[in-house]
Amino acid sequence: MTGLGKLFRTTAFKLSFAYLVVFTLFAFVTLGYVAWSAEKVLTDQFVSTIENEIDGLAQQYRIGGLRRLVNVVDRRSRTPGASLYLVTTELGERVAGNVGALPPGVIDRVGQFETLYNRTDETDTKPNLALVRVYVLPGGFRLLVGRDIEERIRLRDVIHKAIGYSLLFIGVLGCLGSWFIARRVLKRVDDMTDITRDIMAGDLDGRLKIAGTGDELDRLAENLNDMLDRIGELMRGMREVSDNIAHDLKTPLTRLRNKADEALRTAKTPDELKAALEATIEESDNLIRIFNALLMIARLEAGNAREALADFDAAEAVQDVAELYEAVAEEVGVSLDVSVESGLPIHGSRELLGQAMANLLDNALKYGAASDGSAQTIAVSAQRIGQEVRIVVADHGPGIPEEERSHVLERFVRLESARSRPGFGLGLSLAAAVARLHEGRLLMEDNAPGLRVVLILPLKDAPAAPVALPSAA
């Protein structure tokens, strides 16, 4: 396809050309209406002039009869101007006036109409056009009063030429404008196409150029760049997950194999075989929990759980989870300080919110012990702030360094101080994924001392502002 043909097929050129056609039709109708109105006004002036002339001649006829009428017509005929007068006999013989010749039968028509004529003082044989009115006088005489309308014809010609030149100018200017706009848009689209081809070829760091005009192409480029950034994060997350699976699952799988091998080699009695099988089942259950958590996080990040969302009270969900963990907290010597505001309606999944709360409380119980050995208190609260629900789980443990807080939201990430405790590093990742599913966010703050985890969710029917979150890859 040639460059010109490619240009003509662009949406920008088609839209510009369509606007040009519409504007041209509008201009044609507008100018045509102006021409028709001007011609109508001029014709009305001619008719008014003829009426005034007839009124004056009628008065003269009433005063002095036909003789006086002929004298007045003869006198007015010698006055230069566009007015026409003619008095004839019944047979059409001219008595007085400045009309020299008329088409056959015109003088016998009564009323107002347009006709061709020649003046008596004109040497040119070319007839002119006039608007006339014919009356029948007593005795069969005819009176014709009219007005030359050549100026109306000239005005019509001027307007028609103006319309033609205007439409021609609009067409040429519109075509040039369409070509310029389409060429400009096509260049930006071609640039985008070249960059996307590079990206498809493997250059995942390539991004679309933004002109800074804020137009629809800039908005499209910004959204595509955001999409590419998100794809890049997911790709990095997939690589990290693959690496983490290779390292973090290798240990339990190796342990599972060694226990099975040890049972085959050393177990002698049914009780020893039973104990080996129970240990194997326990390790298998741990692996199943890991894969279930990974699948849940993947479903949440893909948005596949949105069909199960419904309206529920977040206060009741938080209260139920806190009551469930009170017995567990007592066993490890921890007290729960629960403060939940009633009536916190949100749209989401009660089960997933409960799972996220359980993960946060489980982490607080495992890692939130006070460093000085004093009695530990974990504060759980839920309250309405503006158009949001803020659910807080705060402990007084060692906390998490600020530079590590975004990192621990990734899958299988565990700090060095937590590697000696049971767990797989998926709890915070799942909680962050639940927050994103509910169009909310998960924050970690310093509790001085300890860690304060804040789960922020929009209230039902409240506008949710998009927030850039760290990836939980």
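The values are calculated or read from the model by the stated rules, or taken from the named source; none is laboratory data. Note that the structure is a prediction, hence the values are computed from the model and not measured. Reconstructed Cβ throughout: ideal geometry from the backbone, glycine too, with neighbour counts over all protein chains shown. For accessibility, only protein heavy atoms count, side chains too; no ligands or nucleic acids. Shrake-Rupley method; radii C 1.70, N 1.55, O 1.52, S 1.80 Å.
Can you tell me the relative contact order of the stretch 42-142? Whole percent, Cα pairs under 8 Å, sequence separation 6 or more. Rounded, it is 21 percent for the stretch 42-142. Whole-percent P(r), the stretch 70-119, all Cα pairs, 10 Å bins from 0: 24, 58, 18. By the equivalent-ellipsoid construction on the alpha carbon gyration tensor, the stretch 127-270 comes out with semi-axes of 94, 20, 9 Å, ordered largest to smallest.
Relative contact order for the stretch 316-399 using alpha-carbon pairs under 8 Å, separation at least 6, rounded to a whole percent? This gives 34 percent for the stretch 316-399.
Out of every Cα-Cα pair that the stretch 77-168 contains, those further apart than 16 angstrom amount to 57 percent. For a paramagnetic label modelled on K161 (point 7 Å from Cα along Cα→Cβ), amide N atoms under 18 Å away belong, within the stretch 20-40, to 32, 35-36, 39.
Around V318, what is the net charge, scoring Lys/Arg as +1 and Asp/Glu as -1 over all other residues with Cβ under 12 Å from its Cβ? My count for the surroundings of V318 gives -3.
Each part gets one Cα centre, and for the stretch 95-110 versus the stretch 146-188 those centres are 42 Å apart. As a size descriptor, the averaged projected area of the C-alpha convex hull of the stretch 114-170 was calculated at 5.5 nm².
The heavy atoms of D446 present about 100 square angstrom of accessible area, all protein chains included, probe 1.4 Å.
With a ≥ b ≥ c taken as the square roots of the eigenvalues of the C-alpha gyration tensor of the stretch 32-92, please select rounded if a/c is under 1.5 and otherwise prolate if a/b is larger than b/c or oblate if it is not? Because a/c hits 1.5 or more and a/b exceeds b/c, the stretch 32-92 counts as prolate.
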